[in-house]
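Contents: one structure, followed by commentary.
Just so it is clear, none of the values below were taken in a lab; they were calculated from the coordinates. All figures in this text were calculated on a predicted structure; none of them were measured in a lab. Neighbour counts are summed over all protein chains in view; Cβ atoms, including those assigned to glycine, are modelled from backbone coordinates with ideal geometry.
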Amino acid sequence: TQKWVQKVAQWPFCRVIPQHLDAPLALGPEGFAQAFSFIEKGFNEVRFCDEDVKFLRQAEEGFLNFSVYKSNLGTLRGQSNCEL
């Protein structure tokens, strides 16, 4: 996956059309690579608060269990110290 991110980040682009969000996003190679920065950390932690990704984690572990790709990076987690 990291090799794929690095390859795509070499392409000259200024918009991304994600599969599951509103589109297009004004996003270039650097922003694209940042979206996958969790891969370099070695665990599945995103930049959002853990309580905000709790629903996604529960869906991943529950009713979407049959369709969500199992990651070697572990269960999806958010930041534990959000100080909101």
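Take the Cβ-Cβ distance between residue 63 and residue 36 as r, set R0 to 35 Å, and report the resulting FRET efficiency rounded to the nearest 0.05. Efficiency, rounded to the nearest 0.05: 0.85. One chain, two ends: residue 49 and residue 70. Fully extended at 0.36 nm per residue, the span grows by 5.4 nm beyond their Cα-Cα distance. Axis of helix 50-61 versus longest Cα principal axis of the chain: the two differ by about 80°, to the nearest ten degrees. Close amide-amide hydrogen proximity is noted between residue 49 and 79, each under 5 Å apart and 5 or more residues distant or on a separate chain (H modeled in the peptide plane; Pro and chain starts excluded).
Rounded to the nearest Hz, the phi-derived 3J(HN,Hα) couplings of segment 4-17 under the Karplus curve 6.51 cos²θ - 1.76 cosθ + 1.60 (θ = phi - 60°) are 5, 4, 4, 5, 5, 5, 8, 7, x, 8, 10, 9, 10, 10, where x marks glycine and proline. Within the chain, the proportion of C-alpha pairs whose separation exceeds 20 Å stands at 46%. Using a cut-off of 18 Å between alpha-carbon atoms, which lysines can reach residue 70, once sequence neighbours fewer than 8 places away in the same chain are excluded? Candidates past the 8-residue exclusion: 41, 54. Taking each DSSP H run with n ≥ 4 as -39500 (n - 2.57) and averaging over every residue of the chain yields -9500 deg cm²/dmol at 222 nm.
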